[in-house]
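The values are calculated or read from the model by the stated rules, or taken from the named source; none is laboratory data. Fair warning: this is a prediction, and the values are worked out from it, not measured in the lab. Cβ: placed from backbone, ideal geometry, glycine included. Neighbour counts: every protein chain shown. Surface areas here come from the heavy atoms of the whole protein model, side chains and all, with no ligands, DNA or RNA. Shrake-Rupley method; radii C 1.70, N 1.55, O 1.52, S 1.80 Å.
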Amino acid sequence: MCGIVGYVGKHAASSILVEGLKHLEYRGYDSSGIALAEGNGIEVIKKTGRVAVLAGLAQKHASKASMGISHTRWATHGGVTDENAHPHLSWDSKIALVHNGVIENYKALRTFLEGEGATFRSQTDSEVLANLIAYYYNLDETAQNGNRLVCAVRQSLIHVEGTYGIAVICADLPNEIVGARKGSPLCIGVGHGENLIASDVAAFVGRTQNVVYLDDGQIVHLSREDFSITTIAEETVSPVINQIDWKIEEAELGSYKHFMEKEIFEQPQALENAMRGRFSDDESTAKFGGLNLDAREWRQVDRIVFCGCGTAWHACLVAEYLIERFSRIPVEVEYASEFRYRNAPLDKNALFFVVSQSGETIDTLEALREAQRKGFRVLGITNGVGSTIARESDGGVYQHSGPEIGVASTKAFTSQLLISGMLGLYLGRMRDLSFGDGREMVKAFKSLPGLISQILDQADQIKAIAERYAEFQDFLFLGRQSMFPIALEGALKLKEISYIHAEGYPAAEMKHGPIALISEQCPSVVLSPHGDTLKKVMSNIEETRARKGRVIAITSAGKDFPDSAADDIIRIPTAHSCIMPILSTIPLQLLAYYIACKRGCDVDKPRNLAKSVTVE
Ligand code: F6R
């Protein structure tokens, strides 16, 4: 939520900042802006609308400044206006600041600063911080120039309640940026003769592969040649430089129209990556390098709690089905946002998993911290290499899905399902799952890339179906057992990118209420895999059609599901039950995508949403 980029170096900062913002636009797209250190002060250009609007303005301005900060906004405090866009200048125009997070005590700070003569141009909490830093900067006229800005930032942050990732520049210091974080991600791109600061490595991976991730409570002081990190408590930090393991080309659209489309079609490769090197030599179980628990410790685990938000929460629900079925270990699933506040009674030998594509979702991160505070071991399943969740968890599994840019999560979700299934296998083989059953599961996982490609080959047929349904305003998604969370995910995909109202239900629950919604105006998408519950689901379809509700069925049941059994049928391969949730997801993603395209929606940047939710 909100993207920050700062640059100090030898090149014109303006185009580097705009380019960086383009790669962070998934974090917010209400408005954007840049502040450039010109010889005679700070120039701010900001505007509501997409980064493309800012790019046009910045090009006209043609600045040669070689240092600046920039921001793309997802509004929290204050509406979407030019004044509320970042960067914010202090009242004396000395300090410019970009901020991601929420300053909770901004009202009290604003009252104090107004008493000291500060004036305000916006309704944001962030402008208060710009003025507070200017206040301390002006107080401390005797300090060395560089340290003076660091001191002013440190002094200010001592008084701030809330969360922040910030980058700050000062009109007196054309070669210095100060950044700090608490609760909102921030990292440093270490270049040659230039340094960058950003919310996410995507902003600078085109310029450098060297990254230093900042931790909460740290302040960084950047110049063209150097950088140093201290804490708010004034301790010196020795930085660890990591290598980014992907290239900028992976975050480009290529020949695709949307990132969501690209990421749907990347799934065979993404799942291949998630499996690589993760099966035992005899191919009867999975293996994971980073769980940091030995077999004896695993035997002591008598309950697993999964936490996540949104699509990741749906992955947790699938994990519950798969892990319970194959390992018989009881699993509970918690909304990360609820877990922190509800003080749930927990078994002594419980183990936690947090699931997060970005690794930065604040609710999930706080759930992790709450569980650790209570003495539990927390493992992370995340795609965000070096993310806060990856760094703070006690071990975990990287998804290796590659960058996911589309706001609607697709390939990250199916990778999470795969890892959950592989965990079910791994834990099952430590208990009662036989060698033969293990081998069957490994075979099934390995067949996934090919089977997904077969479904993707039907994209044109699915598109034709989608276009026939694009005008409806309400949808139901139904499924049983592990298909129930897939129904929830199908409904979420549709509503977030096409703004169609959609609900996911366990198919058998339909008769207990939702059946009242069925009419010619409300079609249903019914997940109808082969297996024990097929006949029951087919009865649910009959009941729906008897009430004139149209049905799109997704089935792997072959001849057992005749063409006449639904209005439209998407046939998927028959496979082991451990991979059916993944195979069933692909047509739902394509349906949502093509319906949204037909309705002319902005698929990659749906209204009101941002990809990485770093405010509570
Ligand atoms: C929906 C979607 C969101 C995220 C949720 C958690 O398509 O992407 O619901 O799943 O915001 O995000 P992560 O996984 O980054 O923690």
Among the residues that make up region 316-327, is at least one of them in contact with a Pro (Cβ under 8 Å, 6 or more places away or on another chain), open to solvent by 10 Å² or more (accessible area, probe 1.4 Å), in contact (Cβ under 8 Å) with a residue 40 or more places away in the chain and of a type in the set (Phe, Trp, Tyr)?
yes
Pairing a residue in region 372-391 that is not assigned by TED's automatic domain parsing to the domain that holds Tyr213 and acidic (Asp, Glu) with any residue that is crowded, with 24+ Cβ neighbours inside 10 Å and in a helix (DSSP H, G or I), where Cβ atoms lie under 7 Å and the two sit 6 or more apart in sequence or on different chains, gives none
Filtering region 291-308 down to residues that are under 21 Å from Val442 (Cα atoms) and open to solvent by 30 Å² or more (accessible area, probe 1.4 Å) yields Ala295
Has region 414-421 got at least one residue that is assigned to a helix (DSSP H, G or I), more than 16 Å from the ligand (Cβ to nearest atom) and under 26 Å from the mean Cα position of the chain (by Cα)?
yes
Can you give me the ranges of the helices (runs of 4 or more DSSP H) entirely in region 1-119 with at least 2 residues that are more than 23 Å from Val205 (Cα to Cα) and over 22 Å from the mean Cα position of the chain (by Cα)?
51-61, 106-115
Positions within region 426-443 being part of a helix (DSSP H, G or I) and surrounded by fewer than 20 Cβ atoms within 10 Å (Cβ to Cβ), in sequence order:
Phe435, Gly436, Asp437, Arg439, Glu440, Lys443
If you check Gly436 against the conditions, is it within 24 Å of Ser280 (Cα to Cα) and either touching a residue at least 60 places away in the same chain (Cβ under 8 Å) or more than 16 Å from the ligand (Cβ to nearest atom) (or both)?
yes
For the list (1) outside any loop (DSSP other than H, G, I, E, B); (2) away from the ligand (no atom under 16 Å from the Cβ); (3) open to solvent by less than 30 Å² (accessible area, probe 1.4 Å), I need the number of the one condition that Gln372 fails.
(3)
Search result, residues across region 562-576 that are in contact (Cβ under 8 Å) with a residue 60 or more places away in the chain, in a loop (DSSP other than H, G, I, E, B) and within 18 Å of Ala464 (Cα to Cα):
Ile572
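Tell me which residues, restricted to region 452-471, are open to solvent by 30 Å² or more (accessible area, probe 1.4 Å) and either touching a residue at least 60 places away in the same chain (Cβ under 8 Å) or of a type in the set (Asp, Glu) (or both).
Of everything in region 452-471, those that are open to solvent by 30 Å² or more (accessible area, probe 1.4 Å) and either touching a residue at least 60 places away in the same chain (Cβ under 8 Å) or of a type in the set (Asp, Glu) (or both) turn out to be Ser453, Gln454, Asp457, Gln458, Asp460, Gln461, Lys463, Glu467, Arg468, Glu471.
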Hits in region 461-499 (condition: away from the ligand (no atom under 16 Å from the Cβ), among the small types (Gly, Ala, Ser) and closer than 22 Å to Asn608 by Cα)
Ala470
Here are the criteria: (1) out of contact with any Lys or Arg (no Cβ under 6 Å at 6 or more places or on another chain); (2) part of a helix (DSSP H, G or I); (3) within 16 Å of the ligand (Cβ to nearest atom). Tell me which single one Ala592 does not satisfy.
(1)
Every listed condition ((1) modelled with pLDDT under 95; (2) closer than 28 Å to Arg607 by Cα; (3) of a type in the set (Asp, Glu)) holds for Glu467 save (1)
Which ones in region 330-364 are assigned to a helix (DSSP H, G or I), without any contact (Cβ under 8 Å) to a residue 40 or more places away in the chain and either open to solvent by less than 40 Å² (accessible area, probe 1.4 Å) or within 12 Å of the ligand (Cβ to nearest atom) (or both)?
Ala336, Phe339
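Here's the yes/no breakdown for (1) under 21 Å from Phe561 (Cβ atoms); (2) open to solvent by less than 40 Å² (accessible area, probe 1.4 Å); (3) not assigned by TED's automatic domain parsing to the domain that holds Ile405:
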{"residue": "Gln473", "(1), (2), (3)": "no, no, yes"}
{"residue": "Gly479", "(1), (2), (3)": "yes, yes, yes"}
{"residue": "Ile486", "(1), (2), (3)": "yes, yes, yes"}
{"residue": "Lys495", "(1), (2), (3)": "no, no, yes"}
{"residue": "Glu503", "(1), (2), (3)": "no, no, yes"}
{"residue": "Leu517", "(1), (2), (3)": "no, no, yes"}
{"residue": "Met538", "(1), (2), (3)": "yes, no, yes"}
{"residue": "Glu542", "(1), (2), (3)": "yes, no, yes"}
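Using the structure shown, decide if Val378 is over 16 Å from Gly308 (Cα atoms) and either more than 16 Å from the ligand (Cβ to nearest atom) or surrounded by 18 or more Cβ atoms within 10 Å (Cβ to Cβ) (or both).
The answer is no for Val378.
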